[in-house]
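Participant: Handing you a structure now.
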Amino acid sequence: MKITFEKSRIDKIGADACLFLFYQDKKLFNEELSVIENLMKCKIARVSLEDFEGKQNQTVLVYSGDHRIILSGLGFRKDLTLERIRKAVARGVKKAKSLKIRKLAMEILQDQTLEGVEIEDVARAQTISSILALYTFDKYFTNKENREIPGVKEIVLFSQYNSLTKYSKDIERGIISGKIVGEATNFARDLGNEPSNVIYPETFADIVVKQSKNRPYTVEVLDKKSITKLKMGGVLEVARGSGREPRFLVIKYNGGRKNDSPYVIVGKGVTFDSGGISIKPAAGMGLMKVDMGGGAAVVGVFEAISQLKLPLNVIGLIPLVENMPSGNSFKPGDVITAYNGMTIEVDNTDAEGRLILADALSYASKYKPKAVIDMATLTGASIVAIGSVASIVMGNDPELVQKLSLAGEQTYDRVWELPLWEEYDSMIDSEIADVKNSGQTRQAGTILGGMFLKRFIGDYPWAHVDIAATAMRDRETDYDPKNASGAGVRLVTQFLMNEAHGN
Ligand code: BES
Ligand code: MN
Ligand code: ZN
């Protein structure tokens, strides 16, 4: 999708419709109406507004002369947040889409209300929200009529104030970075939404290798032979029951100085999680094609940071497996040996994500990382804990966790911290091996996932982001569609942007 900033007057843009953002405050509401009437040289019949009051979830379409005007509510000005702008934009562009609008002009919100928020941030937020809200995954409908109606093809941001033009460079920067991050998120969504007969370890690797040809990052694909040689027991054992061979991706982006220690970003890449011998119930199992959402997010992060040209060195590690029951499967009671030599008693083959992450996290040590962040759809318990409003973060370094929390607030790809207290540690002790892959009870499921990973962490600051609740959605929200959401891409990209800018 094309998104640009246009300095000329709105009537020169030639859009099929215009989108304006409205406060609920009476005075500001009426001022905005007269702004539109002046800009478009039209009169908006007040009755055509119906019950539109600028409330947060309201949108309305009005016709005036030749113009189609979409109004989207922000709520009261005192409650304004960047997220409310994103939501108002998302509803507005979806309304435009439902009206088959191809070229949409959208007002950029100029308001100094938000402390510490620059016009560049607003432009970025409006751009990202538009791109995320207009995402569709309809490639498998053969009947054209079953496909989504044609989407908005072009958005032109404009300002009602001439004074804004002095900010046009900032606005353009916001649009460019917003477009990169939005499209990187949609790339991760596509990976997640592809069914597991199309995306399995080998084809996931192929897609990322192909994508890297156009970008300044490289991808090394370790095949089963190399993984065997490295003695990555977690990856090998989980993959054993499947007809699909495992892969292990090492992605490298060197935007920093030669000797800068790298950030390592790890993603769980289970291309389908049936649960294995500890098989999952049938209902909703199809969504487990998105169990590689952490890996997809890692790829999205590389898409974003390499195009943003961040001056950092970053390494991505993605263990890729399919978890299936068969005569060859690993089984409850098995003892396996991870990459770092530690032994793991398999209590439940459905706690497979932590087994492949154990290999990847201990492998990460060899890069002497500045910090390691892993993203994984690890526990159903995280959904029970806080619902799909945020991901869970845990870690061994309060500063790193705090930085991720900040990046979460900035992007609204949010995280909430749970503790890794030592009292939980003995709950994953095994009677026959160094550690067990699940607890005895249903208590603290998400934390025990974190405690397990903690045992494989090297000498580096580490944070684990459990995205089970956010990576796969069972219903559409303002700018997240149903199914794969690309959770984690905006979070970790923003974190790295902040690191690059010395925040
Ligand atoms: N991939 C699942 C977690 C999951 C569940 C993600 C629902 C998204 C939605 C993970 O591999 C898993 O099965 N975890 C188990 C762990 C348990 C066996 C200790 C779980 O959450 O039940
Ligand atoms: Mn599982
Ligand atoms: Zn899983």
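The values are calculated or read from the model by the stated rules, or taken from the named source; none is laboratory data. The structure displayed is predicted, hence computed values, not measured ones. We place every Cβ from the backbone using ideal geometry, glycine too, and count neighbours over all the protein chains shown. Only protein heavy atoms, including side chains, enter the accessible area calculation; ligands, DNA and RNA are left aside. Shrake-Rupley method; radii C 1.70, N 1.55, O 1.52, S 1.80 Å.
Participant: Okay, which of segment 349-393 sit inside 17 Å, backbone N to the point 7 Å along the Cα-Cβ direction of Ser261?
Facilitator: Only 361-374 pass the distance filter.
Participant: Top to bottom by accessible area (1.4 Å), largest first, where do His67, His501, His464 land?
Facilitator: The ordering from most to least exposed comes out as His501, His67, His464.
Participant: For the chain, with only Lys/Arg (+1) and Asp/Glu (-1) charged at the beta-carbon, what is the dipole magnitude about the Cα centre, in debye rounded to 20?
Facilitator: It works out to roughly 1760 debye.
Participant: If you wrap a convex hull around the alpha carbons of segment 2-162, what volume per residue comes out, as a whole number of Å³?
Facilitator: Hull volume over Cα atoms, normalised by residue count, gives 120 Å³.
Participant: Enter the angle in degrees (range 0 to 90, nearest 10) between the Cα long axis of helix 119-133 and the first principal axis of the Cα atoms of the chain, meaning the one along which they spread out most.
Facilitator: Value to nearest ten degrees: 70.
Participant: Measure nothing fancy, just the Cα-based angle from helix 489-500's long axis to the longest principal axis of the chain, in degrees from 0 to 90, nearest 10.
Facilitator: Helix 489-500 sits at roughly 90 degrees to that axis.
Participant: What does the charge count near Thr493 come to, summing +1 for each Lys or Arg and -1 for each Asp or Glu among other residues with Cβ under 10 Å from its Cβ?
Facilitator: -1
Participant: Which value, in debye to the nearest 20, gives the size of the charge dipole of segment 165-206 about its Cα centre, when Lys and Arg are +1 and Asp and Glu are -1 at the Cβ?
Facilitator: The dipole of segment 165-206 has a size of about 440 debye.
Participant: Compare the peptides 333-343, 260-270, 118-128 by average per-residue count of other Cβ atoms within 10 angstrom and give them in order, highest first.
Facilitator: 260-270, 118-128, 333-343
Participant: Packing-wise, with mean Cβ within 10 Å as the measure, how do 313-320, 43-50 rank, highest first?
Facilitator: 313-320, 43-50
Participant: Can you check what the net charge comes to around Ile315, using other residues whose Cβ is under 12 Å from the Cβ of Ile315 (Lys, Arg +1; Asp, Glu -1)?
Facilitator: Its environment carries a net charge of +2.
Participant: With a point put 7 Å past each Cα toward its Cβ, work out how far Ser98 is from Asn328 in nm, to one decimal.
Facilitator: Roughly 5.0 nm, to one decimal.
Participant: Note down the relative contact order for segment 2-162 as a percent, whole number, built from C-alpha pairs under 8 angstrom at least six residues apart.
Facilitator: Reported relative contact order: 31 percent.
Participant: Net charge near Lys224: determine it from the other residues with C-beta under 12 Å of the C-beta of Lys224, scoring Lys and Arg +1 and Asp and Glu -1.
Facilitator: With Lys, Arg at +1 and Asp, Glu at -1, the neighbours total +2.
Participant: How far, in nm, would the chain grow between Ser64 and Glu6 when pulled straight, counting 0.36 nm per residue and subtracting the alpha carbon separation?
Facilitator: Difference between extended and current length: 18.6 nm.
Participant: Mind ranking 227-234, 372-379 by how tightly packed they are, going by the mean number of other C-beta atoms within 10 angstrom, highest first?
Facilitator: By packing density, highest mean first, the sequence is 372-379, 227-234.
Participant: Once both axes come from the Cα atoms, what is the angle between helix 445-454 and the longest principal axis of the chain, in degrees from 0 to 90, rounded to 10?
Facilitator: That works out to roughly 60 degrees.
Participant: Taking 8 Å as the Cα distance limit and 6 or more residues as the minimum spacing, I'd like the relative contact order of segment 218-328 as a percentage.
Facilitator: Reported as a whole number, the value is 42 percent.
Participant: While we're on this one: Below 8 Å, C-alpha to C-alpha, sequence gap of six or more: please give me the relative contact order for the chain in percent.
Facilitator: 14
Participant: Restricting to the chain, what percent of DSSP beta bridges are antiparallel, rounded to 5?
Facilitator: 40
Participant: Show me, for segment 61-74, the HN-Hα J-couplings you get by feeding each phi into the Karplus relation (A = 6.51, B = -1.76, C = 1.60, θ = phi - 60°), rounded to Hz, glycine and proline as x.
Facilitator: Using θ = phi - 60°, the values come out as 10, 10, 10, 8, x, 8, 8, 10, 10, 9, 10, 10, x, 9 Hz.
Participant: When the expected Rg is taken as 2.2 N^0.38 Å, what fraction or multiple of it is the alpha-carbon Rg of the chain?
Facilitator: For the chain, the normalised Cα radius of gyration is 1.03.
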